[in-house]
C-alpha cells in the first residue's frame, strides 16, 4: 500500500481555522515539518500511528518524555487510579511527599524538592531562587542552550548564521523572540560552551554580580553535544569560587541518562537542578531541587512561587509509577536504553561509512542525533551553526517517514531510546536508513 498522509494534510488545513500553524508549539508545525506536519493519532510501546494509520518506530518518545515508552501498563493504571479518585485536590497530598522522597533517593543533591508543571517554569523558579538567595542580579547561560521560553533565557538558543554571532570572546546577544521585555536580557551573560577561558573571563568581568551559572549536562538543543572531559566539574568549581550557584538543567537528561541524571553520570553536586520531560512519563510534571538552605528561600515571605497545577495529582501518580520502575534494579531500564542506543548509533555510523555519506552521529547513552557535516565532531553552538547541513537532515528524515521511521525533522533536537524499544526495532531502522541512503531518496 502506497504511503499517504492525505488525512494529515486535511487536518492541517482544518487546524488553520482555529490554531496557529496547526498546533500549540512551533516544534510540531511547518517550521520543522515543511508544508504540513504529521498528525499523530495514537501510540503503543515503541510505535506511533498517524491519522492515515501509518505505523512508525518512534525515536522521539514525545521529546524525551517517555522513558518507559508509550502507554506503559503501570503508567496507564496509575493515571486511571488518580482520575477515579480526584484529578486535582486543593491541598497538599501524601503522593507529593512520596514522589519527592523517590526523587531524593535517586538524586542526592535534592535536599528539598519543589514541583512545577513544565521545565520552563522550573528553570524560571531556579533563577529566581538563585537571585533571592545570593542577592545578585545576573546569571550566565551558554550559547545554544535552551532553558525554556522565559524572557531572560531567550537568547542565542536557536541556530543563526555564524557571521552574526560576533567574536567568541564577546558574543553578540541575539534575542530569539519578538515581544521580550526590552531589559530582560541585560542581566543575562552569554558565554560559549565547552570554553573554560571564556567562562573565567565572564566571571572576572562581572565580579560579585553573578547569582548563578546555568547549564545543561549535555547540550540537547543543538543536537547532542557532550561536555569536554572535566568541563562540568570545573564549571561547578568556578561558580563556587565566585560565590555563584551552580544550576544543572536536567529537564532533558534527568531520569534518562542515569537514575540520578547527568549529575550522577558526571559526578556533580549542583546547588540547584531542574527536571521535567521524563519525570512525568508524558504528563506535565516538573520539579526543581537543591540544597536545603537554598530551597528554604521559598518559605513564605521569601522567594515567591505559586501554581495551581504544581504537584498535580494525576501527574504525580504517573511520576510515582514511573520513578518506581526507573529505580527498580530488576527492570534494568538504563542498561537497556544504553544498550539500544549503542546498537543503533554504531549501526548508523557503519551505514554512513559504507555509503560514503558525509554524516556523523553524536550521542550519550540513550540520546543521539545524526548530523550531516564533514566535521569529525561538533563541539559547540558555533560549530553547529557553521558546519551542519540542517536542510539535508530534514529531507533525510522525511524520507525515513515513508519507511515507517519517526525521528525529529529538526537537526537541533535529538532522538532517544526507551524501555519499549527492541533490537528488532534497531535493525528495522538501520535497514530503512540504508535504503534511503542507497536510493538517494533525500537528495
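Laboratory data are not the source of any read-out in this text; all were calculated from the coordinates shown. Given the structure is predicted, the values throughout are model-derived calculations rather than measurements. So basically every Cβ, Gly included, is an ideal-geometry build from the backbone, and we count neighbours across all protein chains shown.
Just a few scattered comments:
- Measuring nothing but how far apart in sequence close Cα pairs (under 8 Å, 6+ apart) lie, relative to its length, the chain scores a relative contact order of 21 percent.
- For region 73-329: Kirkwood Rh in Å [reciprocal of mean 1/r, alpha carbons]: 18.7 Å
- Mean separation of Cα contacts under 8 Å (6+ apart) over length of region 73-329, as relative contact order %: 31 percent
- DSSP beta bridges in the chain [antiparallel fraction, %, rounded to 5]: 60 percent
- Look at the alpha carbon pairs under 8 Å that are at least 6 residues apart: their mean separation over the length of region 104-207 gives a relative contact order of 24 percent.
- Among 294, 103, 162, the largest mean-square fluctuation in a Gaussian network model of the chain, built with springs joining Cα atoms closer than 10 Å, belongs to 162.
- Ranked 388, 129, 172, criterion: other C-beta atoms within 10 Å, fewest first: 172, 388, 129
- In this simple spin-label model, placing a label point 7 Å from the Cα along the Cα-to-Cβ direction at both residue 349 and residue 427 gives a separation of 2.2 nm.
- If the segment from residue 164 to residue 390 were pulled out straight at 0.36 nm per residue, it would be longer than the present Cα-Cα gap by 79.6 nm.
- Sorted ascending by nearby beta carbons within 10 Å, beginning with the fewest, 41, 237, 50 become 237, 41, 50.
- Among beta bridges that DSSP assigns inside region 73-329, antiparallel share in %, nearest 5: 40 percent
- Simple spin-label estimate for residue 197 and residue 228 gives 0.9 nm between the two label positions (7 Å along the Cα-to-Cβ direction from each Cα).
- Given R0 = 56 Å, the distance between the Cβ atoms of residue 308 and residue 342 translates into a calculated FRET efficiency of 0.85.
- Each of 215, 408 has some number of other Cβ atoms within 10 Å of its Cβ, and from fewest to most they run 408, 215.
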